[in-house]
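Below is one structure, written out as structure tokens; the observations come after it.
Quick note: the coordinates plus some simple rules give every number you see, no bench work behind them. Computed from a predicted structure; not experimentally measured. For neighbour counting, all protein chains shown are included, and Cβ atoms are generated from backbone atoms with ideal geometry for every residue, glycine included.
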Amino acid sequence: MTGTAARLGSPERYVPSLRALHWLTALLIAGMFVVGLWLKYALPQSASLRHLLFTLHESTGVTIWVLVLIRIAVRLTTGAPRLPADTPGGIRLLATANQVGLYVLLFLMPVMGFLDANSAGVQLVWYEAVPVPSAIGKQPDAIHHQLASAHWWGALVLFLLLVLHVFGALYHATIRRDGVFHHMA
Ligand code: HEM
Ligand code: HEM
């Protein structure tokens with residue numbers, strides 16, 4: 001244990017705000033995948049439904065980005081519960097890499113999605129209420145395609161990290177029964 005966590009000791013669970021943010025984010029991310037894939041593979045005929053889905057996906061992505069910044073700040077100042085002493089080194093490393101990877105993707109996905117939408121000339125109005133200025137403006141098709149592809153690959157990596165993460169959590173909850181799931185419950 002180092003730094004803040006050492007000063008604060010090892011709590012038994014994450015602080016309530018981190019637990020709330022974790023489960024809220026999990027719910028929002030599930031919705032982002034459903035609506036993102038819907039837009040990509042089954043774009044609705046109805047222009048108003050299409051507009052609603054794009055606005056929901058893009059606005060919620062921006063919301064997730066703000067939430068993850070708050071979450072990282074809270075996390076760095078409150079520390080985290082320790083894994084059980086008998087957790088093998090390889091598993092510790094995997095868990096840390098997985099969780100850092102999830103934070104990185106939570107930060108990058110909204111940025112890539114936002115730039116993707118900017119480059120197509122979209123002017124995002126957050127939940128139809130707050131205009132979000134475009135960072136890069138409309139770009140040539142080739143650049144737009146690269147940004148859209150970055151968003152797609154990011155989604156794929158995030159999905160793979162999540163599969164590993166959820167298997168890890170369920171492994172702790174059902175096979176090891178070592179209280180790790182309870183850290184976040
Ligand atoms: C059914 C879905 C999920 C389950 C069962 C689950 C379970 C857990 C559990 C038990 C922990 C605590 C691990 C520990 O104390 O070592 C945790 C931590 C974490 N989870 Fe999840 N999770 C889920 C979904 C997600 C999603 C969707 C994300 C983000 C996209 C996410 C990101 C994280 C991160 C970043 C941590 C590390 C927390 C930290 O130390 O700062 N989880 N999760
Ligand atoms: C955590 C945040 C996000 C996740 C998990 C996510 C996930 C996805 C997924 C899975 C798709 C379908 C596959 C693809 O085409 O890439 C998609 C599409 C899309 N996303 Fe996101 N997204 C996020 C944030 C954003 C944001 C903030 C914006 C814009 C402000 C955005 C704009 C788009 C657009 C425009 C599409 C349609 C894809 C296309 O045809 O290019 N996304 N997203």
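Worth a mention:
- Complete set of residues in region 82-96 that are in a loop (DSSP other than H, G, I, E, B) and surrounded by fewer than 17 Cβ atoms within 10 Å (Cβ to Cβ): 82, 84, 85, 86, 87, 88
- For region 142-155, the criterion of being within 16 Å of ligand 1 (Cβ to nearest atom), under 22 Å from the mean Cα position of the chain (by Cα) and among the aliphatic types (A, V, I, L, M) is met by at least one residue.
Residues are listed down the side, and each one gets a yes or a no for (1) in contact (Cβ under 8 Å) with a residue 60 or more places away in the chain; (2) under 30 Å from residue 181 (Cβ atoms); (3) hydroxyl-bearing (Ser, Thr, Tyr); (4) part of a helix (DSSP H, G or I):
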position: 62; (1), (2), (3), (4): yes, no, no, yes
position: 67; (1), (2), (3), (4): no, yes, no, yes
position: 80; (1), (2), (3), (4): yes, yes, no, no
position: 98; (1), (2), (3), (4): yes, yes, no, yes
position: 108; (1), (2), (3), (4): no, yes, no, yes
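- Evaluation of residue 178 against the conditions (1) more than 12 Å from ligand 1 (Cβ to nearest atom); (2) not in a helix (DSSP H, G or I) shows that the sole unmet condition is (1).
- Within region 153-171, residues that are touching a residue at least 60 places away in the same chain (Cβ under 8 Å) sit with their Cβ atoms under 7 Å from residues that are away from ligand 2 (no atom under 16 Å from the Cβ), at 6+ positions apart or across chains, in these pairs: 161/98; 164/98; 165/98; 168/95; 168/98.
- Of everything in region 110-141 that is assigned to a strand (DSSP E or B) and farther than 30 Å from residue 184 by Cβ, the residue that is farthest from ligand 1 (Cβ to nearest atom) is 131.
- Taken over region 24-55, residues that are under 16 Å from residue 123 (Cα atoms) and either free of Cβ contacts under 8 Å to residues at least 60 places away in the same chain or of a type in the set (Ser, Thr, Tyr) (or both) amount to 5.
- Candidates 71, 19, filtered to the one that is among the charged types (D, E, K, R), under 12 Å from the mean Cα position of the chain (by Cα), surrounded by 14 or more Cβ atoms within 10 Å (Cβ to Cβ) and within 15 Å of ligand 1 (Cβ to nearest atom): 71
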